[in-house]
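In what follows, a structure is listed as structure tokens, so that the remarks can point back to it.
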Amino acid sequence: MRNPYSDRKYLVIGIIISVGVLFVFRLFFLQIIDDSYKLSASNNVLRYMTQYPARGLIYDRSGELLVYNEAAYDLMVIPRQVRNIDTLELCRIIGIEKEAFIRNLNRAKAHSWYKPSVFEQQLSTETYGYLEEKLFKYPGFFVQTRTLRKYSQPIASHTLGYIGEASSRVIENNPYYRMGDYIGINGIERTYEEILRGEKGVKIMMVDVHNREIRGYHEGRFDTSSVMGTDLYITIDAALQAYGEKLMQNKRGSIVAIEPATGEILALVSSPSYDPNLMIGRARNKNYGILSEDTLKPLFNRALMATYPPGSTFKMVNGLISLQHGAITPQSRYSCQGTGSRPIRCSHNHTSPLALRDAIEHSCNPYFWGCFRDLINSSRFTNTEEAYSHWVDDMHSFGFGKVLGTDLFGEQTGKVPMPNEYNRIYGVNRWRALTIRSLSIGQGEILLTPIQMANMAATISNKGYYYPPHLVKAIGENDSIKPMEIEKVRTNIDQHHYIEVIEGMHQVFTGSHGTARWYKLNDISMCGKTGTAENPHGKDHSLFVAFAPKENPQIAIAVVVENAGFGATWAVPIATLMMEKYLKGEISRKEVEERMLNAIIY
């Protein structure tokens, strides 16, 4: 007789096998697939310390150190390991409120419960020393060493830029950066971020139950070393930059000085400015807020971003374009009725008629209106729009209406109005030279940045070409320094046309009616052009462009002093002081220097 319970043994065997399979599967899952326990165990005994590299140093063109690094300490946290700590005591040690503690911890939890992130940045050496003795009482917290920027002089803040914590957007788009990493925010620090930052490393340490480091993991076999960033040698002359910033104190505007033969920027002054040391350390956010709310906008880089009508400093370009297209010759003369001239009046009465050289010396408005009119109405072109399109193309060859395209962070294009803009405003074939006559004297819709004005002076001094202005001279260290390679750009204007214009700019200093004659130096042959630009923001801007010496020029410069009045009153003396300082190393006209240093124009 068959045992009625004999089949049950299969059921029991099946259950045992099923349970066995489940255990095997679970074991496989835990050992092979799920690494949470391993990660948890590892995080309890291993600490992954990012080895932040020191950023590359920044020197001026003479090798003077401008930016270096200083040790700082970040308090890091692994949220999952934080338990049973004296929160108030930790807050007192690191100098934060309880609300900040909660906010920082929640931010770290949002980033990751298992991975370390910055809890409080940039502890001082004193705070770190005190915290280090008590750190065993705060499981989940540890200190990580890094470096901060330090500036040897309170100058060139807009050029050097500053660094800050990488944003979540940067972290999402670039796997190199993690929460708490620093990145160049603007200026050279941003443009050359990948060169300056170096490469991070990792050090793995074993820690005990009291959060104390015991020893390196596997004797450091899995550690990677950080690589220091590469040094930069910039084109700025620190002494000239500092002098320019002094001259522009209590004034709004900018100075840009360029070495014409190379395009290297010697000074890039934007005023008002700020001490770059304000943008480092734990006070950075507070200082940034104060500077952002300042009505004088010290964070705004006027040298690269502000756009102005160039006024009379632009007249040479109209003369050159007219010469190139045969609309005038150097001997062409236009009459002027002084302040009674129409449709554009002159600023003063003078001898008439004038040719190009004397027209530049006198800054005669009717002359440049006449040559602009004859260019736009020239029979060489089929209509106004074609003539104007050639004028626009020639303007672009000077670098106007576009960025100069080197390492200038934040550079603006300025504005050269395109023909379709006038077609849209006035209608096709319904505008003439008279309609856009303000362009003939650098007013109307045309806008230039100070660096474009300085580049214009450099181009004229070079008789028709320029090297795009740039800020970095060489990259590297010691014997491996690599000079920057910048390509020469030629304008559409033939070289011989510049000779007459340069003579006219020389007469601005040497002529009996030259608008800069009061600031002529006997031992330096200077060429320049004043400008007094009308604008919708109050009193006229004071402008001046120049270069020196006349032969083999070593410096080209543009000065803008906002709402200061005549170019000859403020921009000319500041520019000539800068050129004298650079070429001679000292100032002979102390009374002029004192007047500029003490002037307040806000």
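The values are calculated or read from the model by the stated rules, or taken from the named source; none is laboratory data. What you see is a predicted model; the values in this text were computed from it and never measured. Reconstructed Cβ throughout: ideal geometry from the backbone, glycine too, with neighbour counts over all protein chains shown. We work out accessible area using only protein heavy atoms, side chains counted, and drop any ligands, DNA or RNA first. Shrake-Rupley method; radii C 1.70, N 1.55, O 1.52, S 1.80 Å.
Structure above, values below:
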{"item": "The lone exception for residue 169 - which of (1) surrounded by fewer than 17 Cβ atoms within 10 Å (Cβ to Cβ); (2) within 21 Å of residue 299 (Cβ to Cβ); (3) in contact (Cβ under 8 Å) with a residue 12 or more places away in the chain it fails", "result": "(3)"}
{"item": "Per-region count, segment 337-363, residues open to solvent by less than 10 Å² (accessible area, probe 1.4 Å) and farther than 16 Å from residue 500 by Cα", "result": "3"}
{"item": "Which listed residue, of 115, 150, 134, is open to solvent by 20 Å² or more (accessible area, probe 1.4 Å), assigned to a strand (DSSP E or B) and either out of contact with any Cys (no Cβ under 7 Å at 6 or more places or on another chain) or in contact (Cβ under 8 Å) with a residue 40 or more places away in the chain (or both)", "result": "150"}
{"item": "Tally of residues being closer than 14 Å to residue 570 by Cα and in contact with an Asp or Glu (Cβ under 8 Å, 6 or more places away or on another chain) across segment 248-261", "result": "3"}
{"item": "Residue check for residue 387: touching a Leu at 6+ places or on another chain (Cβ under 7 Å), over 30 Å from residue 157 (Cα atoms), modelled with pLDDT of 95 or more and not in a loop (DSSP other than H, G, I, E, B)", "result": "yes"}
{"item": "Answer from 329, 295 - the residue that is outside any helix (DSSP H, G or I), over 38 Å from the mean Cα position of the chain (by Cα) and without any contact (Cβ under 8 Å) to a residue 24 or more places away in the chain", "result": "329"}
{"item": "Filter result (buried (at least 18 other Cβ atoms within 10 Å of the Cβ) and of a type in the set (Lys, Arg)) within segment 471-525", "result": "473"}
{"item": "Out of 214, 236, 265, sole residue that is assigned to a strand (DSSP E or B) and within 27 Å of residue 592 (Cβ to Cβ)", "result": "265"}
{"item": "Condition broken by residue 392, with the remaining ones in (1) in a helix (DSSP H, G or I); (2) among the β-branched types (Val, Ile, Thr); (3) open to solvent by 10 Å² or more (accessible area, probe 1.4 Å) satisfied", "result": "(3)"}
{"item": "Matching entry among 226, 271 (being small (Gly, Ala, Ser) and at pLDDT below 95)", "result": "226"}
{"item": "Selected residue (only one of 501, 545, 561, 508 is within 27 Å of the chain's Cα centre (by Cα) and under 21 Å from residue 321 (Cβ atoms))", "result": "545"}
{"item": "Flag if residue 492 is touching a Ser or Thr at 6+ places or on another chain (Cβ under 8 Å), outside any helix (DSSP H, G or I), farther than 27 Å from residue 303 by Cβ and not hydroxyl-bearing (Ser, Thr, Tyr)", "result": "no"}
{"item": "Boolean, residue 534 is in contact with a Gly (Cβ under 8 Å, 6 or more places away or on another chain) and acidic (Asp, Glu)", "result": "yes"}
{"item": "Segment 172-195: number of residues that are assigned to a helix (DSSP H, G or I), open to solvent by 50 Å² or more (accessible area, probe 1.4 Å) and of a type in the set (D, E, K, R)", "result": "3"}
